[in-house]
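What follows is a set of notes on a single structure, which appears directly below.
The values are calculated or read from the model by the stated rules, or taken from the named source; none is laboratory data. Quantities reported herein were computed from a predicted structural model and do not represent experimental measurements. When we count neighbours, we look across all protein chains shown, and the Cβ atoms used for this are built from the backbone with ideal geometry, even at glycine. Note: areas computed on protein heavy atoms with side chains; ligands, DNA, RNA excluded. Shrake-Rupley method; radii C 1.70, N 1.55, O 1.52, S 1.80 Å.
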Amino acid sequence: MKKKLSPTLITFIREACYKVFWYKNDLADFLKLHDVPESQIFDLKDKTKAVFLSQLFYDLSRSENPDGQEIMYRIGMSLIEMSSFPALERLEDSKIKIVAARAAISDLNPHMHKVVQYFNEEERREDIQRRERLVHERKSAFYQKLEFLKNELEKLGKEKLGTPDGGYAFEKWLYELFILFDITTRKSYREPGGRQIDMAISLDGNHYIVEAKFTIRQVNVSDIDSLYGRLRKLADGTKGLIISMSGFDNNAIRQASSDRTWILMMDYSHIYNLILNHAMELSDVIRRIHRNASQVGESFLALENF
């Protein structure tokens, strides 16, 4: 955030510099620590301290100096943090000068604290705005990607439903969908026995192997039995998620809903009406189907029952 100090505050900072630093060398060293340009500090040796400080703070406050406001702010912060004045203690009338220095800092203090509070509040507001913009940008990118996936699936359905190429493309499409919803996903791989697993996901501590069906026919009992066979070879608790773009016949649903419902079922209605139309997130759809299977022992939850 670009800082802008008021003329009143700049005056108090300048006066504190004048009172705190009696010797020019001490003042020069202090200014160097705050990134005041050497070319400006060089003028100190040929001018009185008062004239030099007036010219310096005027130059720093000009709009042509992009760093001037920040430099003056840092100088002011350093001044109000001072509690001792060893350079002034060397002087004969040190007590008088230290009292004057303390008074200048005391005058500066409330003005600096007020501007610090203001800048902190401004930075907080800017931080909130940045985060809101970031969330908006991420949401915008998310919905753009979801719309792209929707168009891709519609194109796949028209051109390649029921073909081997379409099946492979649907696997890749599902992988992109899971990744978009931040679900931990493993791409297609082979079991030790050589059989292909379309993909695997993990959600809420549950592990699923995913079977993607991009066929014209509905998923039948033999498809369910095949998936059960794979699950029996895996670790206890591993579940199946079968996603069919042409749905499931009744016998397949009954078969999947037996044997403690190891298999969850999703079809095109869940994908199109809930996920791609922004009604529910993918993870919530899976959770809802899983909860239904746990509560009533049915692997398939029809759209109208969500």
(request) Mind checking which lysines have their Cα closer than 20 Å to the Cα of residue 97? Skip sequence neighbours fewer than 8 apart in that chain. (result) 19, 24, 49
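State, as an integer percentage, the relative contact order of the chain based on alpha-carbon contacts under 8 Å between residues 6 or more apart. Write down the numbers at each step before the final one.
Values: 346 pairs, mean separation 33.2, N = 306.
Normalised by residue count, the contact order of the chain is 11 percent.
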(message) Explain nothing, just the number: dipole magnitude of the chain about its Cα centre with +1 on each Lys and Arg Cβ and -1 on each Asp and Glu Cβ, in debye rounded to the nearest 20.
(response) 180 debye
(message) If each residue of separation counts as 0.36 nm, what is the full-extension length gain between residue 206 and residue 43 once their alpha-carbon separation is subtracted?
(response) 51.4 nm
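Counting only Cα atoms, I'd like the Rg/Rh figure for the chain, Kirkwood definition for Rh. Please report the intermediate quantities before stating the final value.
Values: Rg = 35.7 Å, Rh = 25.4 Å.
Radius of gyration relative to Kirkwood radius: 1.40.
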(message) Report for the chain the percent antiparallel among DSSP-assigned beta bridges with both residues inside it, nearest 5.
(response) 45 percent
(request) Please calculate the 1.4 Å probe accessible area of residue 39, with all protein chains present, and give it to the nearest 10 Å². (result) 90 Å²
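Please work out the FRET efficiency for the pair residue 183 and residue 106, using the Cβ-Cβ distance as r and a Förster radius of 51 Å; give the result to the nearest 0.05.
Working: r = 60 Å, r/R0 = 1.18.
Calculated transfer efficiency: 0.25.
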(message) With θ taken as phi - 60° and the coefficients 6.51, -1.76 and 1.60, list the Karplus ³J(HN,Hα) couplings across the stretch 195-209 in order, rounded to whole Hz; mark glycine and proline as x.
(response) 7, 7, 9, 4, 5, 9, 10, 10, 8, 6, x, 9, 10, 10, 9
(message) Could you derive backbone 3J(HN,Hα) for the stretch 96-105 from the dihedral phi with the Karplus parameters 6.51, -1.76 and 1.60 (θ = phi - 60°), listing whole Hz in sequence and x where the residue is Gly or Pro?
(response) 5, 5, 5, 4, 5, 5, 4, 5, 5, 5
(message) Per DSSP helix of 4 or more residues, -39500 (n - 2.57); summed, then divided by the residues of the chain. What does that give at 222 nm, rounded to the nearest 500?
(response) -19000 deg cm²/dmol
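For the stretch 199-306, what proportion of DSSP beta bridges, expressed in % and rounded to the nearest 5, is antiparallel? It would help to have the intermediate numbers written out before the result.
Details: 5 of 18 bridges.
Restricted to the stretch 199-306, the bridges split so that about 30 percent are antiparallel.
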(request) State to the nearest 20 debye the size of the charge dipole of the stretch 1-69 about its Cα centre, where the only charges are +1 on K and R beta carbons and -1 on D and E beta carbons. (result) 240 debye
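Based only on Cα atoms, what Rg/Rh ratio does the stretch 70-176 have, Rh being taken as Kirkwood's radius?
Working: Rg = 32.1 Å, Rh = 20.1 Å.
In the stretch 70-176, Rg relative to Rh is 1.60.
Taking 1 over the mean of 1/r across every pair of different Cα atoms in the stretch 204-306, what Kirkwood radius in Å do you get?
Numbers: mean 1/r = 0.0735 Å⁻¹.
That comes to 13.6 Å for the stretch 204-306.
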(request) In whole Hz, with x marking every Gly and Pro, tabulate ³J(HN,Hα) for the stretch 179-186 from phi via Karplus 6.51 cos²θ - 1.76 cosθ + 1.60, θ = phi - 60°. (result) 5, 4, 8, 6, 9, 4, 9, 10
(message) Tell me the carbon and sulfur percent of the accessible area for the stretch 110-245, rounded to whole percent, probe radius 1.4 Å.
(response) 50 percent
(request) Could you order 133, 260, 125 so the one with the most accessible surface comes first? Probe is 1.4 Å. (result) 260, 133, 125
(request) Go through 160/233; 3/139; 2/114; 47/114; 145/213 and tell me which ones have a Cα-Cα distance over 25 Å in this structure. (result) 160/233; 3/139; 47/114
(request) Restrict the search to the stretch 261-306; then list the GluC sites (Glu not before Pro) that DSSP places in a loop and that have at most 15 other Cβ atoms within 10 Å of their Cβ. (result) 281
(request) Please list, or write none, the aspartates and glutamates whose alpha carbon is within less than 16 Å of the alpha carbon of residue 45, excluding same-chain residues fewer than 8 places away. (result) 26, 29
(message) At 0.36 nm per residue, and after removing the present C-alpha to C-alpha distance, how many nm does the segment from residue 129 to residue 235 gain when stretched out fully?
(response) 33.4 nm
(request) Give the accessible area for residue 74 in Å² (nearest 10); use a 1.4 Å probe, count only protein heavy atoms, and leave out ligands, DNA and RNA. (result) 80 Å²
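How big is the charge dipole of the stretch 95-168 about its Cα centre, in debye rounded to the nearest 20, if each Lys and Arg gets +1 on its Cβ and each Asp and Glu gets -1 on its Cβ? Could you put the intermediate results ahead of the total?
On the way: 16 positive and 13 negative charges, 90 e Å.
The calculation lands at about 440 debye.
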(request) Specify which residue in the list 257, 271, 30 is farthest towards the positive end of the charge dipole of the chain, using unit charges on the beta carbon of Lys, Arg (+1) and Asp, Glu (-1), about the Cα centre. (result) 257
(request) Starting from the Cα-Cα distance between residue 251 and residue 140, subtract it from 0.36 nm times their residue separation and give me the gain in nm to one decimal. (result) 35.8 nm
(request) Enumerate the residues in the stretch 7-24 having an amide nitrogen under 20 Å from the point lying 7 Å beyond the Cα of residue 90 toward its Cβ. (result) 17-24
(request) Could you pull out the GluC sites (Glu not before Pro) across the stretch 1-86 that fall in loop regions by DSSP (anything but H, G, I, E, B) with no more than 11 other Cβ atoms inside 10 Å? (result) 64, 81
